[in-house]
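**Student:** Just dropping this structure here.
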Amino acid sequence: MDLYSIVLFVHIVGALLLFVLLTVEGVGLRAGFAPASLNRVLGPISALAILFPGLYLMKAQWGWTGWVVVGIVTWFLIAVAGAGTGIGVMRGRVGKRAATVSWLVRVGMASGVVFDMTVKPNLLVSVIAVAAGIALGAAAALAGRREVVTT
Ligand code: HEM
């Protein structure tokens with residue numbers, strides 16, 4: 001047991017929390033409630049628990065590898081899109097359909113980052129993994145829309 005493994009644990013707990021919050025958000029979209037207060041408190045905690053330990057791990061062992069850079073950019077995009085969607089829904093500026101697309105794309109991006117973090121590929125493959133997650137999320141949103149239209 002060393003400091004590195006404890007920091008990695010905190011980083012992974014932050015990532016698990018992100019997926020818990022995404023799940024709660026998805027259930028809320030389906031059931032028609034906005035989990036705003038929960039996500040407003042735990043969202044930033046999860047984001048910080050991912051970022052600062054992640055920076056430590058990077059500095060301690062890995063440096064500016066492609067998968068780390070893609071992880072940082074994607075982390076930022078998930079945080080901005082999540083906060084923007086949450087605030088937009090609360091103010092009535094973002095509808096259920098747009099919120100669902102945003103949610104599915106963020107689930108796809110986060111899954112792509114988990115691939116990058118575990119496989120640690122080069123920059124190109126890291127970008128492709130996140131792009132594939134985005135494409136799958138968008139495709140799921142499109143399929144969901146068709147289902148609503150045809151039923
Ligand atoms: C949505 C964002 C993120 C998620 C879901 C995530 C998830 C993970 C997971 C699950 C691991 C464990 C992989 C393993 O042990 O095999 C990991 C490792 C790692 N993460 Fe992240 N991460 C994210 C963002 C970041 C960011 C922004 C940074 C850098 C600032 C970062 C740096 C690292 C490093 C350096 C490791 C390697 C640790 C090791 O294998 O020893 N991560 N990440």
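The values are calculated or read from the model by the stated rules, or taken from the named source; none is laboratory data. Worth saying up front: this structure is predicted, and the values here are computed from it rather than measured. No Cβ is skipped: glycine too gets one built from the backbone with ideal geometry, and neighbour counts run over all protein chains shown. SASA here: full protein model, heavy atoms, side chains in, ligands and nucleic acids out. Shrake-Rupley method; radii C 1.70, N 1.55, O 1.52, S 1.80 Å.
**Student:** For the range 3-150, what is the accessible area per residue in Å², given a 1.4 Å probe and the full set of protein chains? Let's see the in-between values first.
**Tutor:** Values: 8670 Å² over 148 residues.
I get 59 Å² per residue for the range 3-150.
**Student:** Helix 66-90 against the longest principal axis of the chain: what's the angle in degrees, Cα atoms only, rounded to the nearest 10?
**Tutor:** Computed tilt is about 30 degrees.
**Student:** Enumerate the amide H contacts of Val94 below 5 Å, restricted to partners 5 or more residues apart or on another chain; note that Pro and chain-start residues carry no placed amide H.
**Tutor:** Val89
**Student:** Please determine, in degrees from 0 to 90 and to the nearest 10, the orientation of helix 3-31 with respect to the longest principal axis defined by the Cα atoms of the chain, where the helix direction is its Cα long axis.
**Tutor:** Between the helix axis and the principal axis of the chain, the angle is about 0 degrees.
**Student:** Still on this structure, please answer the following. Using a 1.4 Å probe on the protein heavy atoms, what percent of the accessible area of the chain belongs to carbon and sulfur? Present the calculation step by step, with values, prior to reporting the outcome.
**Tutor:** Working: 6760 of 9100 Å².
Of the solvent-accessible surface of the chain, carbon and sulfur hold 74 percent.
**Student:** By the gyration tensor of its Cα atoms, with a ≥ b ≥ c the square roots of the eigenvalues, what is the shape of the range 1-109: rounded for a/c under 1.5, prolate for a/b over b/c, or oblate?
**Tutor:** Numbers: a/c = 2.81, a/b = 2.03, b/c = 1.39.
It is prolate, given that a/c is not under 1.5 and a/b is the larger ratio.
**Student:** Summing -39500 (n - 2.57) over the DSSP H runs of n ≥ 4 in the chain and dividing by its residue number, what mean residue ellipticity at 222 nm do you reach, to the nearest 500 deg cm²/dmol?
**Tutor:** Details: 5 runs with 128 residues, N = 151.
Computed mean residue ellipticity for the chain: -30000 deg cm²/dmol.
**Student:** Highest mean first, how do 105-115, 121-131 rank when packing is the count of other Cβ atoms within 10 Å averaged over residues? Kindly include the intermediate steps, with their values, before the conclusion.
**Tutor:** On the way: 105-115: 21.5, 121-131: 16.9.
Listed from highest to lowest mean packing, they are 105-115, 121-131.
**Student:** Once the Cα atoms of helix 96-119 and of the chain are each reduced to a long axis, what angle between those two axes, in degrees from 0 to 90 to the nearest 10, is obtained?
**Tutor:** Computed tilt is about 20 degrees.
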